[in-house]
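J.: Questions regarding the structure given below will be posed in turn.
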């Protein structure tokens, strides 16, 4: 009974979390920023909206003007704002302000950009001039030499980056950057690193019969989802049509003086809210379901099946790119490698290690939307 209660409580919490996330996303889709307002604005707790802060909005505009002039760095800008307005702003937060599209009427929430209903504080031209000023001050640095596996490994002794070193203009060695002092990690030749890293690709192969079965199942699931989407879309459109019919009817009653002005205003506001919510749901349901998920899975499986043979036919830079598409990162002590697979190769590796392909279909059913934990590989 205790286990049952725990399971019920867990289900309740997870469902509540999903509903909260859904409500926040719908608020963002309506153009209302669901978080704490940035500098120059303030949150209105009564209307649940974002209003302009009359005092700080003037300071905000001055910040953009000063930096767009090109005469200030972030450090001198911070000092100028403090001298003129008495407001102390962190240097890092200044950069965040100057790059925030919120001030031109847009905002980013969980990686998605929305058009906001709040009042923009700067023009698009001024905002672009600020971004150009940033680009002029932060020109990209170009490396004279490119190395195949740079950024992929860390030192297992002190967790420093494994960096590269070119000797005699032709020999490439990998060593600890020694950011925490002298380290015992030995120098490693790039061909040796390449051969050892290539061996990890053997562990992500999938039988062809399993690939065929999973792809066919995913296509069937896609067809079923499309049918459900169409039914849901038709029901939402029917509800929206009914709401609009009621709005027209109540408007006729208002013109005929059958209802009071106060009743008309209240019912119109209710219907408008319902109409807006239904329109958002229709727009979301109206997005065409595609075979993108199936195509992605086929591409992943194709790479998993051919990665090992493909690896040893490529040059060093192409080998590095192939490994970085499969691995997140890794570490070495000069003898062993500890590697972390990226998604979804971590799942493929775990199934291949156990030879348990029967459950892989369910795991890939919602690929690539399902979050999966990282897995680790040790190889000598």
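The values are calculated or read from the model by the stated rules, or taken from the named source; none is laboratory data. Owing to the predicted nature of the structure, the values given are computational and were not obtained by experimental measurement. All Cβ positions, even for glycine, are placed from backbone atoms using ideal geometry, and neighbour counts span all protein chains on display.
J.: Conditions first: (1) modelled with pLDDT of 85 or more; (2) in a helix (DSSP H, G or I); (3) surrounded by fewer than 13 Cβ atoms within 10 Å (Cβ to Cβ). Residue 273 passes all but one, so which condition is the exception?
T.: It fails just one condition, (1).
J.: May I pose another question? Is it fair to say residue 329 is at pLDDT below 80 and in contact with a strand residue (DSSP E or B) (Cβ under 7 Å, 6 or more places away or on another chain)?
T.: Answer is yes for this residue.
J.: I'd like to know if the range 101-116 contains one or more residues that are free of Cβ contacts under 8 Å to residues at least 60 places away in the same chain, under 28 Å from the mean Cα position of the chain (by Cα) and surrounded by fewer than 12 Cβ atoms within 10 Å (Cβ to Cβ).
T.: Checked against the condition, which is being free of Cβ contacts under 8 Å to residues at least 60 places away in the same chain, under 28 Å from the mean Cα position of the chain (by Cα) and surrounded by fewer than 12 Cβ atoms within 10 Å (Cβ to Cβ), the range 101-116 yields at least one hit.
J.: Shifting gears a bit: Could you please let me know if residue 72 is modelled with pLDDT of 90 or more, touching a helix residue (DSSP H, G or I) at 6+ places or on another chain (Cβ under 9 Å) and more than 30 Å from residue 279 (Cβ to Cβ)?
T.: Considered against the rule, which asks whether it is modelled with pLDDT of 90 or more, touching a helix residue (DSSP H, G or I) at 6+ places or on another chain (Cβ under 9 Å) and more than 30 Å from residue 279 (Cβ to Cβ), residue 72 comes out as no.
J.: Restricting to the range 5-22, name every residue that is within 19 Å of residue 274 (Cβ to Cβ) and more than 19 Å from the chain's Cα centre (by Cα).
T.: If the condition is that a residue be within 19 Å of residue 274 (Cβ to Cβ) and more than 19 Å from the chain's Cα centre (by Cα), then 19 is the only one that fits.
J.: Also, quick follow-up: I need the full set of residues from the range 81-122 which are in contact with a strand residue (DSSP E or B) (Cβ under 7 Å, 6 or more places away or on another chain) and more than 15 Å from residue 38 (Cα to Cα), in order please.
T.: 113, 114, 115
J.: Among the candidates 107, 102, 64, single out the residue that is touching a helix residue (DSSP H, G or I) at 6+ places or on another chain (Cβ under 9 Å) and modelled with pLDDT of 90 or more.
T.: Result: 64 is the single residue among 107, 102, 64 that is touching a helix residue (DSSP H, G or I) at 6+ places or on another chain (Cβ under 9 Å) and modelled with pLDDT of 90 or more.
J.: Only one residue in 94, 98, 66, 60 is in contact (Cβ under 8 Å) with a residue 24 or more places away in the chain, over 21 Å from the mean Cα position of the chain (by Cα) and over 25 Å from residue 49 (Cβ atoms). Which one?
T.: 94
J.: Against the condition under 25 Å from residue 27 (Cα atoms) and free of Cβ contacts under 8 Å to residues at least 40 places away in the same chain, how does residue 252 come out, does it pass?
T.: In short, no.
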